[in-house]
Amino acid sequence: MAEEEKTTEETQPEESVETPAPEAEEAPVEEAPVEEPAPEEPAAEEAPAEEAPAEEAPAEDAPAEDAPAEEPAAEKPPAAAPAVEEEPEKLSPKQLRKLKRSQDGGEAKPQRSVEERTAERLERRAKASAERRRYRASRRAKRGEPGTGTPPAERPAVARKERQGIVVSSKADKTITVRIDVRRRHSVYEKVVRRSSTIHAHDEGNAANEGDVVRVVETRPLSRLKRWRLIEVVEKAK
């Protein structure tokens with residue numbers, strides 16, 4: 001009996017251990033069938049969903065029909081059409097005349113040869129020149145005798161600049177280089193400032209040599225650098 005009780009005791013924990021396993025296994029089995037009908041229900045609902053658009057089609061058509069009714073309110077550019085017609089009023093008189101000539105077809109003239117058109121053009125030009133001559137003659141008659149006009153302005157003679165300096169170089173033919181020494185008192189510091197500059201002068205007879213004191217006068221441009229001409233040799237070099 002004791003052995004039977006032990007066996008029963010041993011079997012009972014085994015059953016207690018085994019019982020949760022089937023329950024755990026049964027739980028997903030029970031959930032699986034619950035999940036299976038779930039996709040079937042949307043399938044059943046899809047059929048009416050397909051029918052619903054068919055029923056709502058007229059509802060969608062109604063706004064489509066109403067859309068053109070709203071378009072006229074949005075399409076206001078036709079109101080700007082009068083502005084295009086008013087543009088010719090803003091044109092200048094010359095442009096208006098040109099527009100009128102372009103719109104006027106004119107009278108149809110008979111077909112003419114080249115000689116006839118040339119003769120007509122020459123006749124028209126002769127008539128226009130005669131009218132111009134008459135108009136100018138009438139204008140001259142109204143003005144009377146021609147005036148003398150404005151007398152030419154008297155230009156006073158301007159004394160040309162003269163400078164005195166020392167010849168630095170006379171190697172070139174008919175050309176000397178003269179150094180001009182300038183001394184002046186500074187306007188602010190009251191100090192005597194000495195400056196020198198060199199100029200090129202024209203010496204026609206090659207009379208000046210290096211070291212000579214000469215006097216030059218300004219003249220028209222004689223070359224790229226020469227704007228002065230030798231007047232006289234004041235002092236010869238020693």
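Brief remarks follow.
- Segment 183-226, residues that are touching a Ser or Thr at 6+ places or on another chain (Cβ under 7 Å) and over 16 Å from residue 237 (Cβ atoms): 198, 200, 202, 226
- Residue among 133, 194, 125 that alone is closer than 30 Å to residue 226 by Cα and either basic (Lys, Arg) or surrounded by 11 or more Cβ atoms within 10 Å (Cβ to Cβ) (or both): 194
- In this structure, residue 224 qualifies as without any contact (Cβ under 8 Å) to a residue 24 or more places away in the chain and more than 19 Å from residue 159 (Cα to Cα).
Bear in mind these aren't lab numbers, they're just calculated from the coordinates by the rules spelled out. No experiment lies behind these values; they were computed from the predicted model shown. So basically every Cβ, Gly included, is an ideal-geometry build from the backbone, and we count neighbours across all protein chains shown.
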